[in-house]
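Taking it in order: structure first as structure tokens, then the write-up.
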Amino acid sequence: MTATLTGLPALEHDEILRYSRHLIIPNVGMEGQRRLKAARVLLIGAGGLGSPLGLYLAAAGVGTLGIVDFDVVDATNLQRQILHGTKDVGRPKLASARDRIQDVNPHVNVELHETRLTSANALEILREYDVVIDGTDNFPTRYLTNDACVLLGKPNVYGSIFRFEGQASVFATADGPCYRCLFREPPPPGLVPSCAEGGVLGVLPGLIGTIQATEGIKLLLGIGETLVGRLLLVDALSMKFRTVKLRKDPDCPMCGTHEIRELIDYEQFCGILPDAAPDGGGGVPEITPSDLAAKLRRRDDFDLIDVREPYEQDIARIDGARLVPLGTLTEALGTLDSARDIVVHCRSGARSAKAVRQLQAAGFRRVWNLAGGILRWSDDVDPSVPKY
Ligand SMILES: [Zn+2]
């Protein structure tokens, strides 16, 4: 026993057998494995990135894994969220994650935080962990995680994915930059589509989450060169990996000037209006799918506009709808008749709410948003229309 092992938990015989391929790597060894056993890692999110993170960190023998999530497993998750199985659809992601992780490695202590991470609870939750891993898919939580990590002095292993592209870095270490050094301000709401809107290749979170897990383990073991001060950019389509240097910004309001001393309202910071409905459709005139169906049956004189993309109409459509993708709405204004009633729909009701606002701003008075979009149309009116 060397002095460095003092205070680290011992490994049982079955753990020594389980981790033998780690124990024979000189950089890990008994000491490293005992460090992993002593470690406490927090995963923000049990989704696409959280899946490989949870599986590999558990398999590697990280002693305590905390997971923050409040979502329920949905059928559309299964294409990439390999923590969850078909039998788990409808279950809380945390319950599903716990069962799967304990099957992978019963030695791991899983701590569940079934809540949305907020400014009110973030410091309290993150404080208890050595390394925080950001597996979120939205800007408010990403800035919240960054800021809480800077305030607490916890390393933040960052990852993000979209379609065929991903990024990873390590933020908020003592000498390295933070997420705000890279992105001072969030993009305007609606400019950057989410994976739910824009899609993501199913294996991409596997690639990026596995890179995050690797960085997390290196941080815990104190080995190698981590992504501190570097942003890894992955393009799966051309299969190119490159890193760009990141500098700590002395003017960064978080880690540079420290002018931000406490957590703020991140929804507001990211331009998300508090009065908007969860689907973003708040505040515009709406029509329910049943009322639209009645209108179509009566052969009312009105225009039904579909503001989704052409490839979405290939998946599911409402008969009689005219396709005008949201990005082309402005140029199509001249082809629309403001004297007629117009019903606008999209997938879930968020983009069509934006379209209704655009039309209202252009002087259209008789415009309605289809509440819940084609998804609710499928639920309430026509189950033969597939949901996606
Ligand atoms: Zn910074």
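The values are calculated or read from the model by the stated rules, or taken from the named source; none is laboratory data. The shown structure was predicted, so the numbers you read here are calculated from the model rather than taken from an experiment. Neighbour counts are summed over all protein chains in view; Cβ atoms, including those assigned to glycine, are modelled from backbone coordinates with ideal geometry. For the accessible areas, the whole protein counts, side chains as well, though only heavy atoms, and no ligand, DNA or RNA atoms are used. Shrake-Rupley method; radii C 1.70, N 1.55, O 1.52, S 1.80 Å.
Quick rundown of the values:
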item: Degrees separating the helix 93-104 axis from the principal Cα axis of the chain, which is the longest one; result: 40
item: Potential extension, S338-R242 segment - 0.36 nm per residue separation minus Cα distance; result: 29.5 nm
item: Mean residue ellipticity (222 nm) of the chain, computed from DSSP H runs ≥ 4 via -39,500 (n - 2.57), nearest 500; result: -9000 deg cm²/dmol
item: Residue with peak Gaussian network fluctuation, the chain [Cα springs, cutoff 10 Å], from R127, R366, R80; result: R366
item: The chain - percent of accessible surface contributed by carbon and sulfur, probe 1.4 Å; result: 52
item: Relative contact order computed over the stretch 95-200 (Cα-Cα under 8 Å; 6+ residues apart), in percent; result: 20
item: Prolate/oblate/rounded call for the stretch 194-294, Cα gyration tensor, a/c under 1.5 rounded; result: oblate
item: Prolate/oblate/rounded call for the stretch 95-200, Cα gyration tensor, a/c under 1.5 rounded; result: oblate
item: Inter-part distance where the stretch 141-166 and the stretch 31-76 are each reduced to a Cα centre, Å; result: 15
item: Length-normalised contact order of the stretch 1-155 in % [C-alpha pairs under 8 Å, at least 6 apart]; result: 23
item: Computed lengthening from Q102 to Q360, 0.36 nm per intervening residue step minus Cα-Cα distance; result: 87.5 nm
item: Two-site FRET efficiency, N27 against R261, from Cβ-Cβ distance with R₀ of 45 Å, rounded to 0.05; result: 0.70
item: FRET efficiency, R40 to Y388 (Cβ-Cβ, R0 35 Å, nearest 0.05); result: 0.35
item: A120/L78 FRET efficiency (R0 22 Å; Cβ-Cβ; nearest 0.05); result: 0.10
item: Among M239, M254, M30, residue whose mean-square fluctuation peaks in a GNM of the chain (springs only between Cα atoms under 10 Å); result: M239
item: Calculated from backbone phi, Karplus (6.51, -1.76, 1.60) coupling profile of the stretch 291-307 in Hz, x at Gly/Pro; result: 5, 5, 4, 5, 4, 5, 4, 6, 6, 4, 8, 7, 10, 9, 10, 9, 9
item: Positive-pole candidate from L117, Y179, V150, dipole of the stretch 98-195, charges at beta carbon; result: Y179
item: Gaussian network model of the chain, springs between alpha carbon atoms under 10 Å - residue of T136, T173, T115 with greatest fluctuation; result: T115
item: Shape of the chain, Cα gyration tensor, a/c cut at 1.5; result: prolate
item: Among the listed pairs K240/K387; K87/K387; K93/K154, those beyond 22 Å (Cα-Cα); result: K240/K387; K93/K154
item: Amide H contacts of D306 (H built 1.01 Å from N, under 5 Å, at least 5 apart or other chain); result: R322, L323, V324, H345
item: Rounded to 5, percent antiparallel among DSSP beta bridges of the chain; result: 35
item: Accessible area (Å², 1.4 Å probe, nearest 10) - E124; result: 130
item: The chain: relative contact order in percent, alpha carbon pairs under 8 Å with at least 6 residues between; result: 12
item: For the stretch 116-192: accessible area per residue (Å², 1.4 Å); result: 39
